[in-house]
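For reference, the structure discussed in these notes is given below.
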């Protein structure tokens, strides 16, 4: 499971795993023990966590939520000192620990409450998402995801190899036929050359 598969839905608590698109929206599954599937219409605001960021005061202007999760996990793991019900001072103190350059004018306590709530859900239901991955692991996951989403692509390589073998076999067969013809001609030539000369009339 990856962060790009997880979403928050306006008006609904918790997080959801995106299963697949539907005719009028998307099918999701609650990220909890119940794993309840729901059909969400296109009128609902669905926010994919991979696409969310937090405002900062540096030249980039924001930092990806994924990076914030990594920083929190590396510092606290499962010992987060606050909950989503903590007071504002504790919430902003936490954010300052992991994002010292957050933009205090654009980030609100409600944003941090969501951040903490989402982190605790992921920690319980999908802790592997919170661990920073090595570049090699990210490449493997991307390849695996691509093959899962397009099974025909994963079958293309074997088919190509098979076609290549067939082509090689055809070439070898053609070569063998050509050699057989050449041999046949050579034998005919020898046969025509080995003729008993006609006796001359005296």
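The values are calculated or read from the model by the stated rules, or taken from the named source; none is laboratory data. Bear in mind the structure is a predicted one, so any value in this text is a computation, not a measurement. Quick reminder, even Gly has a Cβ in these numbers, built from the backbone with ideal geometry, and neighbours come from all protein chains shown.
For the stretch 15-30: of the residues being in a loop (DSSP other than H, G, I, E, B) and modelled with pLDDT under 95, which is surrounded by the fewest Cβ atoms within 10 Å (Cβ to Cβ)?
Residues of the stretch 15-30 in a loop (DSSP other than H, G, I, E, B): 15, 22-24.
If we keep only those that are modelled with pLDDT under 95 as well, we get 22-24.
Numbers: 22: 13, 23: 6, 24: 10.
For the stretch 15-30, the residue satisfying everything is 23.
Output the residues belonging to the stretch 45-76 that are within 20 Å of residue 6 (Cα to Cα) and assigned to a helix (DSSP H, G or I).
Result: 49, 50, 51, 65, 66, 67, 68, 69, 70, 71, 72, 73.
If you go through the stretch 79-110 one residue at a time, how many are in contact with a strand residue (DSSP E or B) (Cβ under 8 Å, 6 or more places away or on another chain), surrounded by fewer than 16 Cβ atoms within 10 Å (Cβ to Cβ) and closer than 20 Å to residue 51 by Cβ?
2
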